[in-house]
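Here's the structure we're looking at; comments come further down.
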Amino acid sequence: MQNDHSTQDALAGAGQPFAAAAFIKEIGRGKDGARSLSRQDACRMYAAMLDARVSDLELGAILLAMRIKGESVAEIGGFLDAAEASFAPLQAPAGAYAPVVLPSYNGSRKMANLTPLLCMLLVRRGVPVLMHGVTHDPQRVTSAEIFTALGVTHATSAGQAEALMAGGQPAFVPIEVLAPKMAHLLSLRRVLGVRNSTHTLVKIMQPFAGPALRLSSYTHPEYLEMLTHYFTEAAPHGRGDAFLMRGTEGETVANARRAQRIDWFSGGQRTVLVEKQTVAEELADLPEGRDAHTTAQWIASVLEGRRAVPQAIEEQVDHCVQVAAAIAQRA
């Protein structure tokens, strides 16, 4: 586990150009020959990437090398240490529930994106929710677009996000507002054509100063093993708990047609909340289209009681409420 002192040591070179060749030599030997960095070295390198202290040539080499090699637990821990140190942490409102963190970076391509429904249902139960993500994807329907169709304001600052949560409102904050340095590294997908480690980090980071419940997802099976080891062995326990599930098209909302297995990580212990994938007994009444307007209308009808909440999402909400309450009691 990385402590605050060693994180500060890893970030000590701020402002100076970062020579990455020695790091690239370790991680750039291909999938079978590459070696992983220590947590402290990973933190140093990623901090330099965030601060634009790595040349464009070296940055491209790092991103592609990590894409081919895959991140180790120590590397993902070090990257996350640097990432969370790159922006000011948010303050959650006092109350009976710890905040729930909902990352939304995939949106929907084939089916309606119901992550905003999960957010709204949690807020209705009195849980403060921070959703962060991208505002637009040319090939997908984002949660941000659905919130706009619902008339839900996007936070334009961390302070506004805090005020929305304190007022019992859903708080969606674009990643450019929450963590602009990470947003820049995310944007390099448009240049390189492939995702990089930052796409994993935004799905597992904890933006609050105090403990919170993170809802995290993975899309490829190898990430289940790596993230399981991270949450059990490397994640700072004082940062709160996490739910981990296979994403619904990459999103952290339960699939209304086929409920996924959900693992709960708390204090280094893993508990299975939903045992395995199950097909819904009755076909859920879902939006007829996946565009933002149709999805927003359908979500509004659910919130107004004119349609039923899909069972898998209702159960997910119950689990979130129970664990958020337990985290608040421990704090």
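No lab work stands behind these numbers, since they all come straight from the coordinates. It should be emphasised that the depicted structure is a prediction, and the values quoted were computed from it without experimental measurement. Cβ coordinates were reconstructed from backbone atoms using ideal geometry, including for glycine residues, and neighbour counts include every protein chain displayed.
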Work through the residues other than residue 77 whose Cβ is under 10 Å from its Cβ and net out their charges, Lys, Arg +1 and Asp, Glu -1.
-3
Mind computing the radius of gyration and Dmax over the alpha-carbon atoms of the range 205-331? Å is fine for both.
15.8, 45
State, to one decimal in nm², a quarter of the convex hull surface area for the C-alpha atoms of the range 136-235, i.e. the direction-averaged projected area.
7.9
So what does the Cα-only Debye profile of the range 100-330 read at q = 0.15 Å⁻¹, as log10 I(q)/I(0), no solvent term?
-1.02
Could you sort 174-183, 149-158 so that the peptide with the highest average Cβ count within 10 Å comes first and the rest follow in order?
174-183, 149-158
Note the full-extension length gain between residue 291 and residue 57 as 0.36 nm times their separation in residues minus their Cα-Cα distance, in nm to one decimal.
80.4 nm
Could you check which residue among 27, 68, 313 shows the biggest mean-square fluctuation in a GNM of the chain with a 10 Å Cα cutoff?
68
Options 292, 253, 231, ranked by Cα towards positive dipole end of the range 231-331, top entry (Cβ charges):
231
Check: in the chain the Lys pairs 8 or more apart or on separate chains whose Cα atoms fall under 22 Å apart number 6
Can you check how the C-alpha radius of gyration of the range 4-84 compares to 2.2 N^0.38 Å, as a plain ratio?
1.00
Label-point gap, in nm, between residue 195 and residue 137 - each point 7 angstrom along Cα→Cβ:
0.8
Convex hull of the range 81-120 built on C-alpha atoms - directionally averaged projected area, nm²:
4.5
Excluding residue 30 itself, what net charge comes from residues whose Cβ is under 14 Å from its Cβ, given Lys and Arg +1 and Asp and Glu -1?
+4
